[in-house]
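Bear in mind these aren't lab numbers, they're just calculated from the coordinates by the rules spelled out. The model shown is predicted, which means the values in this text are computed figures rather than measured ones. All Cβ positions, even for glycine, are placed from backbone atoms using ideal geometry, and neighbour counts span all protein chains on display.
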Amino acid sequence: MSIRFKVILPYLLLTLVVAVTGVYVVTSLVSNSLQERLTNQLLEAGRVVSDDFARQELTHIEAARIVAYTSGLAEALQAGDRVALAGLAQPLAAGLDIESLSVVDRQGVENFYLIKLADGNYFVPGVASGLESMPIVKSLLLADDAQAAPRRTLAYSAVMKKFYYYSALPIELNNRLEGVVLVGTSFDTIMPYLKNTSLADVILFNESGHAIATTLAGQAADESFLDTFSISEDEYRQVVESKGNISGENFELEGRWYSLARSPLQVGGDRLGAFAVVLPLDFVLQPGAVSRNNYILLFTLAMLGVIAVGYGISRLLINPIYALVRASQAITAGDLTRRTGVKSSDEIGVLANTFDAMTANLQQRTIELERANQTLAQMDKTKSSFIQVAAHELRTPLTLLSGYAQILDIKSKNNPDLQSISKGLLEGSARMQEVVNSMLDISRIDSKMLKALPDQASLAATLQRVEKTFSAAWEERKLKFITDGVVELPIIYADPDLLYKLFYHLIMNAIKYTPDGGTISVHGQVIEDAAEVELAVQDTGIGIDAQHQQLIFEKFYQTGEVTLHSSGRTKFKGGGPGLGLAIARGIVEAHGGRIWVESPGCDEDKNPGSCFYVRLPLKAELAE
């Protein structure tokens with residue numbers, strides 16, 4: 001008998017019985033239950049509260065956008081002209097009926113703060129609101145993105161001594177973040193509106209589970225009263241991680257019983273806290289004891305029947321399945337000689353036989369791969385040894401060649417033809433020495449022998465030195481070299497000579513793949529959170545395809561057709577051994593840093609460019 005019939009036929013019958021029973025129970029007992037009606041009412045009230053907060057958010061965003069895009073406001077904020085800023089923002093607040101308005105500049109300084117009093121008048125306090133230190137403001141400023149999504153939060157106003165719902169939006173000027181505008185509405189306005197629309201009392205909880213506001217009538221919402229509704233952090237976490245309402249509990253207040261359901265308070269992608277909707281139990285009559293007992297008895301018997309039949313069927317399947325599980329666990333642990341040992345003609349038997357055949361093939365392929373890997377490792381070791389030996393062997397004749405070329409250059413000053421030959425010899429020997437030195441560097445990196453000599457190093461001075469090295473290339477190729485934020489970088493603890501080699505190879509790589517008349521720029525900044533400096537070497541060159549962006553840091557790897565490359569070191573698409581980026585990566589890793597590249601792709605017509613990022617610790621724990 002096929003296993004599908006062993007499983008499907010009995011469970012089909014059981015499912016039919018349980019479904020008929022369930023329909024009877026739902027229609028006869030549950031649908032007519034007043035408790036169900038109360039639950040539905042609580043769920044609906046919860047949805048209404050969530051929708052009201054979403055509508056309030058839309059109102060905030062609309063008002064904030066009007067303020068942020070008011071002509072002249074961003075310019076006044078940029079210039080620090082608080083008088084002009086107030087002259088623009090205050091009429092807007094009154095016209096848009098904003099209860100709390102704050103404008104913060106890109107440095108995190110509040111330039112304007114306005115609140116609406118209970119009598120409807122607007123007031124500019126003489127003290128700072130403290131809103132500029134809220135996480136939603138700091139996150140927008142830290143992102144430094146004029147198109148960033150809005151942020152929102154529930155927060156206590158120290159000035160007005162009450163809670164507000166705030167929304168924050170970036171202020172943009174010429175595609176640049178100039179500050180943040182915050183629009184807030186007090187709970188005094190929000191809570192009555194929530195009660196009227198949801199037809200239920202509402203309780204709001206902050207991120208620690210403490211109740212911060214309620215609409216329950218007949219009570220003053222003081223701290224002690226709110227504490228009676230607060231929940232523990234575990235209960236709060238359970239609420240905010242849920243996808244809908246969580247039933248709370250029934251409680252008594254002033255001689256009247258209420259039912260409560262909690263739900264996460266989510267607006268957009270932010271979970272701001274939690275809320276609860278409360279309805280009086282007068283809506284509900286307790287279900288009859290007979291109905292409850294019938295419900296429990298009926299489903300208990302049905303479930304016992306399902307369990308009994310399921311247990312019997314599972315006995316037919318459990319042994320071969322356990323054999324498959326044990327075999328798969330052994331294979332996962334590395335024992336490729338393990339087999340299931342299952343012998344049957346049904347689907348599980350076919351699966352077990354297929355699994356055993358697959359394991360045998362995997363065992364054979366693994367053996368072959370291990371042999372191939374050993375061969376490749378030996379070949380790579382041989383190649384590294386050859387590079388090291390070849391570089392050392394080439395150094396001595398190159399030194400002699402360079403020396404004789406220098407002597408020839410000195411003695412040929414009065415012979416133009418001979419001097420041209422000597423200049424060519426000098427340039428060729430210098431190029432060859434550079435290649436040999438790169439081979440030695442890559443050999444040290446491969447053998448883990450690249451040692452950094454840490455000292456105080458100036459990144460600005462290092463880049464100046466590199467810039468002078470390529471002065472002829474800038475002039476010959478009409479390339480622009482720009483630095484931004486490099487002078488402000490602090491002194492770091494690193495090997496100055498290795499830093500020079502690092503940026504020498506990165507900038508030479510940018511020169512090679514940037515057409516004449518292009519721009520190469522280096523941007524520097526301090527990453528405060530990670531105690532690192534970041535330098536980005538960006539070019540307007542032909543770019544790098546995504547499939548090459550990891551491989552270019554491997555030694556001897558070059559993109560494109562190597563035979564078509566120019567022979568000049570700094571010519572467009574110039575030649576080279578393909579070691580520069582591998583050396584750069586080795587130097588960065590020796591300092592405990594990171595290097596990566598970002599590029600939209602390779603296009604020799606549009607020149608999308610590439611950007612190489614280097615992050616170095618301010619105080620590096622140098623790699624062994």
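Quick rundown of the values:
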quantity: Taking Lys161, Lys573, Lys413 and counting other C-beta atoms within 10 Å, the order from fewest to most; calculated: Lys161, Lys413, Lys573
quantity: Karplus-derived 3J(HN,Hα), 6.51/-1.76/1.60, for each residue of the stretch 493-501, Hz, glycine and proline x; calculated: 9, 7, 8, x, 5, 5, 4, 4, 4
quantity: Sorted by Cβ neighbour density within 10 Å, fewest at the top, the residues Tyr322, Tyr493; calculated: Tyr322, Tyr493
quantity: Segment Glu249-Asp545, length gained on full extension (0.36 nm per residue, minus Cα span); calculated: 100.6 nm
quantity: Pairs of Cα atoms farther than 28 Å apart, the stretch 451-617, %; calculated: 17 percent
quantity: Range of Cα positions in the stretch 320-371 per principal axis (Å), largest first; calculated: 38, 18, 11
quantity: Relative contact order (%) - criterion: Cα under 8 Å, at least six apart; region: the stretch 451-617; calculated: 24 percent
quantity: q = 0.15, 0.21 Å⁻¹, the stretch 67-144: log10 I(q)/I(0) [Debye, one scatterer per Cα]; calculated: -0.52, -0.99
quantity: Nonlocal amide H pairs with Leu173, under 5 Å, H built at 1.01 Å; calculated: Glu178
quantity: Computed magnitude of the charge dipole of the stretch 451-617 (debye, nearest 20; Cβ of K, R +1, Cβ of D, E -1); calculated: 580 debye
quantity: Given charges at beta-carbon only (K, R positive; D, E negative), |dipole| of the stretch 37-283 in Debye; calculated: 340 debye
quantity: FRET efficiency estimate (nearest 0.05) - Cβ-Cβ, Gln78 to Val127, R0 30 angstrom; calculated: 0.80
quantity: Sequence-distant residues sharing a close amide H with Gly248 (under 5 Å, placed H); calculated: Leu260, Ala261, Arg262
quantity: Inter-label distance, nm, simple model (7 Å from Cα along the C-beta direction), Thr228/Ala158; calculated: 3.2 nm
quantity: Net lengthening on full extension, Tyr69/Ala149 (0.36 nm per residue, minus Cα-Cα); calculated: 27.3 nm
quantity: 3J(HN,Hα) from dihedral phi, the stretch 533-550, Karplus parametrisation 6.51/-1.76/1.60, rounded to Hz, x for glycine, proline; calculated: 10, 10, 10, 10, 9, 10, 10, 10, x, 7, x, 9, 5, 4, 6, 9, 5, 8
quantity: Distant-in-sequence amide H partners of Gly273 (H built 1.01 Å from N, under 5 Å); calculated: Leu265
quantity: Residues of the stretch 574-616 with amide N under 18 Å of a point placed 7 Å along Cα→Cβ from Asp455; calculated: 591
quantity: FRET efficiency for Val109 and Val435, using Cβ-Cβ distance with R0 set to 56 Å, rounded to 0.05; calculated: 0.55
quantity: For the stretch 347-364, 3J(HN,Hα) per residue [Karplus equation, 6.51 cos²θ - 1.76 cosθ + 1.60, θ = phi - 60°, Hz, x = Gly/Pro]; calculated: 4, 5, x, 4, 4, 5, 5, 5, 4, 5, 5, 5, 5, 5, 5, 5, 4, 5
quantity: Space enclosed by the convex hull of the alpha-carbon atoms of the stretch 37-283, per residue, Å³; calculated: 124 Å³
quantity: Neighbour-count order for Val180, Val588, fewest beta carbons within 10 angstrom listed first; calculated: Val588, Val180
